[in-house]
1. Computed FRET efficiency, Cβ-Cβ of Phe28 and Asp97, R0 30 Å: what is it to the nearest 0.05?
2. Could the peptides 41-49, 72-80 be put in order, highest first, of the mean number of other beta-carbon atoms found within 10 Å of their residues?
3. For the chain: lysine pairs with Cα atoms under 24 Å, gap of 8 or more or different chains, count?
4. What's the exposure ranking of Val140, Val90, going from fewest to most Cβ atoms within 10 Å?
5. Over the chain, one equal point on each Cα, no solvent: what is log10 I(q)/I(0) by the Debye formula at q = 0.11, 0.16, 0.18 Å⁻¹?
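What follows draws every value from the coordinates through simple rules; no lab data is involved. As the structure is a prediction and not an experimental result, all values here were calculated from the model. Every residue, glycine among them, receives a Cβ derived from its backbone with ideal geometry; neighbour counts consider all protein chains shown.
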Amino acid sequence: MRRFCRNKQGSAAIEFAFVAPMFFALLFAIIETSAVFFAGQYLETGTQDAARALLIDDVQSKGTNQADFKQSICDKVSALFACDNIYVDVQSFPKGDPITIVNPIDDNGNFINNFKYEPPPPKSENTVVVRAFYQWPIFVTGLGYNIANISKYTSNSKYLLAATAALRPQ
């Protein structure tokens, strides 16, 4: 028995076998969280740029529709996102009125796609709220780490990335 207790051969492999699952779970969780935050910032930048262009009188006079505006966001973020899965909401509020926007996720964790496209009329002083959404797939949920906010406890877990720009012409 003493000989067995003194034998150190293979102990590193056994110690690694104990630590490796937790190490890899933590590593994958960090990578996934980083990817979600990077993608969110990327969507935010594309939305800000497209929202600024929406307020230019030349763009307003062309009569762009929701598909055109969605394409202008998609052109800026197509390296990371599938354009078919980008959702756009543009609402215009009269100056001084309260701004009310609806949460796109219901109480059951389902995504609600009831978005509008109401850009401001040219030369108005309305406040414009532009929101873009993308359902980012989550992969590390099986390891006990689940940041999903859509279909959280299903095999189709997703995180809803949201980018918002609120602008008013000067």
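1. 0.05
2. Sorting 41-49, 72-80 by mean packing, highest first, produces 41-49, 72-80.
3. Number of lysine pairs found: 13.
4. Starting with the residue having the fewest Cβ neighbours, the order is Val140, Val90.
5. Log10 I(q)/I(0), no solvent term: -0.57, -0.96, -1.11.
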